[in-house]
Amino acid sequence: QVQLVESGGGLVQPGGSLRLSCAASGRIFMLNVMAWYRQAPRKPRELVAKIASTGSTNYADSVKGRFTISGDNAKNTVWLQMSSLKPEDTAVYYCNVFDIALGEYWGQGTQVTVSS
């Protein structure tokens, strides 16, 4: 079993920045992939960014150049640095990890609201 604890969400003005953190704990073998998804009201959940244990990253087109994902496999932690935030970034952000032995796990979600 893997537990994920997210933090860092909140209310920010357009153009502002936030940093999300997600720490995994439990019987972890190896986290192959760590990712952030988001879900806005009345919209499907979408991938925001992911990072593999190799260090390779992928981003949704809508956040490229504004968001940066980073991870530390030794600490089983992933971060999402969000800059130049827009109202359309408002959503619940979910941490997602894939352990090579245990499978996929989701965090409880953290609200990010971008509004003036």
The computed P(r) of segment 18-72 puts the percent of Cα pairs beyond 13 Å at 64 percent
Expressed to two decimals, segment 70-116 has a Cα Rg over Rh, using the Kirkwood radius, of 1.06
Computed on Cα atoms, the radius of gyration and Dmax of segment 1-104 in angstrom are 13.5, 41
Placing +1 on each Lys and Arg Cβ and -1 on each Asp and Glu Cβ in the chain, then taking the dipole about the Cα centre, the residue among A35, S62, A49 whose Cα reaches farthest towards the positive end is S62
1/(1 + (r/R0)^6) with r = Cβ-Cβ of T68 and Q1, R0 = 35 Å, i.e. FRET efficiency to nearest 0.05, evaluates to 0.75
Taking 0.36 nm per residue of separation between F29 and S115 and subtracting their Cα-Cα distance, the length gained on full extension comes to 27.0 nm
quick note, the chain, DSSP beta bridge pairs, % antiparallel (nearest 5) is 95 percent
With +1 at each Lys and Arg Cβ and -1 at each Asp and Glu Cβ, the charge dipole magnitude of the chain around its Cα centre, to the nearest 20 debye, comes out at 140 debye
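None of the figures in this text is laboratory data; all of them are computed from the coordinates on show. The shown structure was predicted, so the numbers you read here are calculated from the model rather than taken from an experiment. Here Cβ is always computed from backbone atoms with ideal geometry, including for glycine, and neighbour counts include all displayed protein chains.
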